[in-house]
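S.K.: Can you keep this structure in mind? I'll have questions shortly.
Quick note: the coordinates plus some simple rules give every number you see, no bench work behind them. What you are looking at is a predicted structure, and each value in this text was computed from that prediction instead of being measured. Cβ placement follows ideal geometry from the backbone for every residue including glycine, while neighbour counts extend to all protein chains displayed.
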Amino acid sequence: MKKRILCFLFVVCTFIIVRADGADSLALTPPMGWNSWNCFSCDVNEQQIRDMADLIVANGMRDAGYTYVNVDDCWQVGRDADGSIVVDSVRFPSGIKALADYIHSKGLKFGIYSCAGSLTCAGRPGSRGYQFQDARTYAEWGVDFLKYDWCFDEAQSPQGAYRTMRDALKASGRPIVFSICEWGSSKPWTWAKGVGHLWRTTGDIINAFKGTVHWGGCSVVDIIDKNADLYPYAGPGHWNDPDMLQVGNGVLTPEENRSHFTMWCMLAAPLLAGNDLRTMDKETQAILMNKDVIAVNQDKLGIQGRRYMKIEQHEIWVKQLSNGEAAVCFFNRDEQPWTFEYKFGKDKSHLHFADIRLWELEYDVYDIWNKNKYLGTSSDNLSFKVPAHGVVLVKLAPKNKK
């Protein structure tokens with residue numbers, strides 16, 4: 001009996017250790033960081049990445065929660081005689097391990113890109129047939145995040161292909177956040193929990209507020225619509241991923257940038273900036289680093305926001321937060337401003353936001369984008385002015401709580 005008890009305790013302790021140190025403890029809130037693709041595409045090099053890491057520390061982004069520095073496609077050029085992946089020595093003369101070491105020295109984490117197919121989307125060598133070898137290499141380099149794409153898949157099963165790389169990453173012995181990027185084609189939200197920590201839900205984001213392009217790229221508004229009903233599938237360690245941010249890339253207006261960022265926070269989405277930090281203006285910086293808005297995204301409950309109401313181009317979204325609080329976003333997709341009065345507790349017969357039943361308590365209402373400025377209570381008629389393509393984001397806190 002004593003041996004059985006000791007054996008049982010060993011198993012329990014081992015399970016706790018795995019949960020604490022292994023992949024299951026990763027991405028308990030949506031990952032935050034920076035990715036090279038949206039601003040550099042394939043024209044990426046080592047010095048750019050070092051510069052980004054330096055700036056993330058210097059401008060305060062690291063302290064705001066942006067911890068991953070991710071190199072996307074085009075860092076690899078071939079394989080050697082042993083099948084090991086070969087780094088572009090012209091663009092990355094120090095090698096990937098030295099780059100990862102540099103990023104780690106800044107208190108940041110390092111991410112890399114590969115593809116489940118034989119080639120990446122840019123035609124570089126993919127990982128098909130080399131999954132375990134590549135995963136060991138990534139672990140040796142000190143990789144913390146892998147974005148795994150879906151080009152040149154050659155009729156593979158996405159479930160099988162991504163599970164193979166999941167197993168390879170686990171076998172490498174290094175905790176690595178696994179980002180599934182098959183664009184939502186096989187509805188990964190229905191099968192990828194326990195395989196990846198996040199999964200793309202749509203085609204690539206384009207730098208536009210509305211519209212699509214022929215190759216499947218989606219604008220900000222289109223992506224929001226495609227993610228609206230996926231809230232049951234998101235939570236700590238498993239996130240719907242509506243793609244990287246286009247904030248600060250020179251096409252969206254200031255209001256559209258703010259709406260884009262706000263809605264990604266409401267969707268509990270990974271926040272991976274994609275702008276050139278060397279030329280970031282103060283307005284973009286203020287959006288990306290608003291700690292109160294980021295707190296909505298990083299709330300420990302990990303609940304994805306829901307679209308509570310849609311009337312033509314006007315929407316109300318709600319995200320349940322910790323401590324009985326909620327974030328409410330008034331989103332104006334119209335070309336004209338939206339001005340209205342709202343009383344949160346006016347219809348006590350059926351009005352409720354997610355699991356927040358507003359007639360059970362009185363709430364204080366705060367303007368999140370305006371440094372949590374106090375607006376009144378849920379019993380007041382509150383007036384809101386939402387700019388065209390803009391948002392108003394408020395927090396409801398049980399009265400006397402901020």
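S.K.: Please work out how many pairs of lysine residues in region 30-296 are eight or more positions apart (or on different chains) and have Cα atoms closer than 16 angstrom.
M.R.: Lysine pairs meeting the criterion: 9.
S.K.: Note down the net charge around V57, summing +1 for each Lys or Arg and -1 for each Asp or Glu among other residues with Cβ under 12 Å from its Cβ. Display every interim value, and only then the final one.
M.R.: Numbers: positive: R50, R62, K106; negative: D51, D54, D63.
Net charge around V57: 0.
S.K.: So, with +1 on the Cβ of K and R and -1 on the Cβ of D and E, and no other charges, what is the size of the charge dipole of region 195-263 about its Cα centre, to the nearest 20 debye? Working shown, then result.
M.R.: Numbers: 4 positive and 8 negative charges, 10 e Å.
Approximately 40 debye in magnitude.
S.K.: Any chance you could run the full-extension gain for R79 through A171? It's 0.36 nm times the residue separation minus the Cα-Cα distance, nm to one decimal.
M.R.: Result: 31.0 nm gained on full extension.
S.K.: A further question on this structure: Just name one of Y342, G235, G60: the one whose Cα is farthest towards the positive end of the charge dipole of the chain (beta-carbon charges, Lys/Arg +1, Asp/Glu -1).
M.R.: G235
S.K.: Picking from N249, V213, V386, whose Cα lies most toward the positive end of the charge dipole for the chain (charges on Cβ: Lys, Arg +1; Asp, Glu -1)?
M.R.: Of the candidates, V386 comes out farthest on the positive side.
S.K.: If you don't mind, another one. When only Cα pairs under 8 Å and 6 or more residues apart are kept, what is the percent relative contact order across the chain? Provide the component values of the computation, followed by the final result.
M.R.: Numbers: 861 pairs, mean separation 51.3, N = 402.
Taking the mean separation of contacting Cα pairs over the length of the chain, I get 13 percent.
S.K.: Return the inverse of the average 1/r over all pairs of distinct C-alpha atoms in the chain, which is the Kirkwood hydrodynamic radius, in Å to one decimal.
M.R.: On the way: mean 1/r = 0.0449 Å⁻¹.
Evaluated on the chain, it is 22.3 Å.
S.K.: Here's another thing I want to ask about it. Using the basic label-point model (7 angstrom from Cα toward the beta carbon), what is the Y374 to E335 distance in nanometres?
M.R.: Each label point is offset 7 Å from its Cα along the Cβ direction, giving 4.2 nm.
S.K.: Taking neighbour counts of Cβ atoms within 10 Å as a proxy for exposure, in what order, fewest first, do C181, C121 appear?
M.R.: C121, C181
S.K.: A further question on this structure: Please identify the longest segment of the chain free of exposed GluC sites (Glu not before Pro), where exposed means a DSSP state other than H, G, I, E or B and no more than 12 other Cβ atoms within 10 Å. Write out the running numbers ahead of the final one.
M.R.: On the way: sites that count: E154, E312, E335, E360.
Formally, the longest exposed-site-free interval is 155-311.
S.K.: How big is the dipole moment of the chain about its Cα centre under a simple scheme where the beta carbon of each Lys and Arg is +1, that of each Asp and Glu is -1, and everything else is neutral? Debye, nearest 20, please.
M.R.: Details: 45 positive and 47 negative charges, 311 e Å.
With Lys and Arg at +1 and Asp and Glu at -1, about 1500 debye.
S.K.: Computed FRET efficiency, Cβ-Cβ of F384 and S118, R0 45 Å: what is it to the nearest 0.05? If you can, show how the numbers build up before the last one.
M.R.: Details: r = 53 Å, r/R0 = 1.17.
That gives a FRET efficiency of 0.30.
S.K.: Of all DSSP beta bridges in the chain, what percent run antiparallel (nearest 5)? Please report the intermediate quantities before stating the final value.
M.R.: Details: 39 of 64 bridges.
For the chain, the DSSP antiparallel bridge percentage is about 60.
S.K.: Now a separate question. Hey, what number do you get for the chain at 222 nm if only DSSP H runs of n ≥ 4 count, each worth -39500 (n - 2.57), divided across all residues, to the nearest 500?
M.R.: Values: 11 runs with 112 residues, N = 402.
Mean residue ellipticity at 222 nm (helix-derived): -8000 deg cm²/dmol.
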